[in-house]
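Below: the structure, in structure tokens.
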Amino acid sequence: MSTVIGMILAFALVIGAILLGGSPLPFINVESILIVVLGTIAVTAISFPLNEMLTIPYHVFTLLRHGQRDPAAEAVKVLRLAVEARKDNDVLAVERMLPRVKDTPFLAKALQLVADATPVEEIEQIMRREAGTTSARHMRAVDFLRRAGDVAPAMGLIGTLIGLVRMLGNLDNPAEIGPSMAVALLTTLYGAVLAHLVFIPLAAKTEHCTTEEALVNNLYAIGATSMRRQENPRRLEMLLNTILPPAKRVVFFK
């Protein structure tokens with residue numbers, strides 16, 4: 001929600017400033033919008049495969065909606081599962097946990113490996129590769145957003161130059177100077193707004209969520225391997241706290 005609220009407030013401030021100055025119609029120019037928006041998409045597409053570009057919005061939306069999990073809360077969740085697994089001390093106990101963690105596919109996969117009696121080393125390898133693949137996919141989305149954030153102001157500058165050239169070529173026709181100057185200035189405005197109110201903030205937020213997700217996935221993997229070894233959950237608490245930031249460390253056992 002912070003992403004949505006922040007973006008709405010940012011656009012509201014810009015639009016409010018426009019409306020306070022009078023009619024918003026002078027700030028609407030289809031030619032400038034085409035140059036900046038379509039130009040940004042076209043130039044960014046050069047750097048990324050088409051099929052990857054089509055899936056990036058979905059990955060960003062999914063990560064922003066579901067990827068922001070509190071590491072401390074997830075550590076407590078893992079510890080509770082470990083206590084339950086050690087208490088029952090059988091494979092069926094882990095299998096019974098699976099329906100409760102279906103909303104976290106990474107943890108569900110890790111527990112499924114434990115329930116299947118997969119060797120510890122193999123669980124570690126599989127989950128490490130899974131986490132690496134997920135992080136790499138999300139970082140590609142970050143790269144796309146950053147690239148778009150770099151391209152949008154450049155397309156605005158190109159539109160500005162087009163408008164200035166057109167204006168200089170029509171100095172003998174005063175009626176054309178105003179529209180040409182509007183294209184020159186509005187493309188710069190659209191490029192700056194698109195970059196600094198959309199692409200760059202989304203890139204920063206997506207990168208933060210990716211980092212948090214990687215930490216949480218690491219917690220899940222450590223918890224799964226600890227359950228497979230049938231270790232004391234108190235030792236698991238110590239292991240989890242070694243990778244949690246100091247402010248996020250948990251005290252589960254009093």
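Read-outs throughout are calculated quantities, based only on the coordinates presented, and are distinct from any laboratory measurement. Remember, it's a predicted structure, so these values are computed and weren't measured experimentally. Every residue, glycine among them, receives a Cβ derived from its backbone with ideal geometry; neighbour counts consider all protein chains shown.
Computed quantities for the displayed model
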read-out	value
Using alpha-carbon coordinates, inclination of helix 120-168 to the longest axis of the chain, degrees	10
Residues Ala247 and Glu52, FRET efficiency given R0 of 41 Å [Cβ-Cβ distance, rounded to 0.05]	0.70
Rg/Rg_globular for the chain, with Rg_globular taken as 2.2 N^0.38 Å and Rg from C-alpha atoms	1.42
The chain: relative contact order as a whole-number percent, Cα under 8 Å and 6+ apart	33
Ala154/Leu92 FRET efficiency (R0 51 Å; Cβ-Cβ; nearest 0.05)	0.30
Distance between modelled label sites at Ala117 and Phe11, nm, 7 Å Cα→Cβ extension	5.6
Tally of Lys pairs whose C-alpha atoms are under 21 Å apart, taken over the chain, 8 or more apart or cross-chain	7
Euclidean distance of C-alpha centroids, the range 43-65 and the range 165-244, integer Å	12
Förster radius 45 Å - calculated FRET efficiency between Ser2 and Leu25, Cβ distance, rounded to 0.05	0.85
Integer Hz, Karplus 6.51/-1.76/1.60 couplings in order for the range 229-240, x for Gly and Pro	7, 6, 7, 5, x, 5, 5, 4, 4, 5, 5, 5
HN-Hα J in Hz across the range 77-86 - Karplus 6.51, -1.76, 1.60, θ = phi - 60°, x for Gly and Pro	4, 5, 5, 5, 5, 5, 4, 5, 5, 6
Residue of Ala141, Ala221, Ala93 that the Gaussian network model of the chain assigns the largest fluctuation, springs spanning Cα pairs under 10 Å	Ala93
